[in-house]
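The values are calculated or read from the model by the stated rules, or taken from the named source; none is laboratory data. Please read all numbers here as calculations on a predicted model, not as lab measurements. When we count neighbours, we look across all protein chains shown, and the Cβ atoms used for this are built from the backbone with ideal geometry, even at glycine. The area values use the complete protein model at the heavy-atom level, side chains included, leaving out ligands, DNA and RNA. Shrake-Rupley method; radii C 1.70, N 1.55, O 1.52, S 1.80 Å.
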Amino acid sequence: MERARRQRLEAWLVALVSAVVRLLPRRLVLALGAGLARLYAVFDRRHVAVAEDNLRRAFPEWDAARVRRTALGVYRHFGRVILDLLWMQGRSGEQLLRLCRFEHLDRLEPVFARGHGAVMVSAHIGNWEIDAIGHGFRHEWAAVVARPLDNPALDERLTALRTMSGNRVISKHRALQDILGYLRRNRAVAILMDQNVQKEDGIFVEFFGRPACTTTVAA
């Protein structure tokens, strides 16, 4: 019961913020997201410390000031992305395409001419969601592998955003079968590779000098 109450509250808060954000200019939305996330970092010391530890291991030549600045920059970036996603809901394809820049689209034609589809590998860089949405509007729809959110109402909202340009969403929990099905239909399948997976579902590779378990699905 407590979990259900919390999820309803989360859904209500997101709906409220979304209603407000969609009325604001995007530039203001991005600045607001960065500011709120920076404020949140003040109270989230544990995860800031984790980010700083990761950065020190990845970039041992960085001084403490640069590590701290970059860790807080990550918070600001994700704050901008989250509010940007809420701002994007309900926008037209024309509006969203103005925010995208496409390069080398001609390279897609020979790939799909083979009739076996394509696996598109990326990571949580920039606004990764608008990348896939823009692809659907500019080229053709793709299938995107994603982990369902724990809150069903929020997952439904995010899925609606991800599919607004015709894209399909593949649940991470049954990915391989669906991926093969879309590839047989000569479709693109997008996979974000920079998340940890359970050891029985992946392999360990060296990542910035540390073992990290990554999915083998794309390979």
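Taken together, V42, V20, V29 contain a single residue that is among the β-branched types (V, I, T), in contact (Cβ under 8 Å) with a residue 12 or more places away in the chain and either out of contact with any strand residue (DSSP E or B) (no Cβ under 9 Å at 6 or more places or on another chain) or closer than 20 Å to R76 by Cβ (or both), which is V29.
Going by the structure shown, is A31 of a type in the set (G, A, S), assigned to a helix (DSSP H, G or I), surrounded by 15 or more Cβ atoms within 10 Å (Cβ to Cβ) and modelled with pLDDT of 95 or more?
Working: of a type in the set (G, A, S): yes; assigned to a helix (DSSP H, G or I): yes; surrounded by 15 or more Cβ atoms within 10 Å (Cβ to Cβ): yes; modelled with pLDDT of 95 or more: yes.
The answer is yes for A31.
Checked against the criterion of being basic (K, R), open to solvent by less than 50 Å² (accessible area, probe 1.4 Å) and either within 22 Å of E156 (Cα to Cα) or modelled with pLDDT of 95 or more (or both), the candidates R22, R91, R5 yield just one match: R91.
Has the stretch 49-56 got at least one residue that is open to solvent by less than 40 Å² (accessible area, probe 1.4 Å), out of contact with any Lys or Arg (no Cβ under 8 Å at 6 or more places or on another chain) and closer than 25 Å to R210 by Cα?
Keep residues of the stretch 49-56 that are open to solvent by less than 40 Å² (accessible area, probe 1.4 Å), which gives 51-52, 55.
Restricting the remaining residues to those that are out of contact with any Lys or Arg (no Cβ under 8 Å at 6 or more places or on another chain) gives 51, 55.
Next, only the ones that are closer than 25 Å to R210 by Cα stay: 51, 55.
The answer is yes; a qualifying residue exists.
If you take the residues of the stretch 55-69 that are in a helix (DSSP H, G or I) and without any contact (Cβ under 8 Å) to a residue 12 or more places away in the chain, which of them is nearest to A31 (Cα to Cα)? Once the filter is applied, the top-ranked residue is R69. Kindly indicate whether A51 is in contact with a His (Cβ under 9 Å, 6 or more places away or on another chain) and in a helix (DSSP H, G or I). Criteria not met by A51. A single entry from L85, L72, L108 fulfils the requirement of being out of contact with any Pro (no Cβ under 9 Å at 6 or more places or on another chain), in a helix (DSSP H, G or I) and closer than 18 Å to T163 by Cβ: L85.
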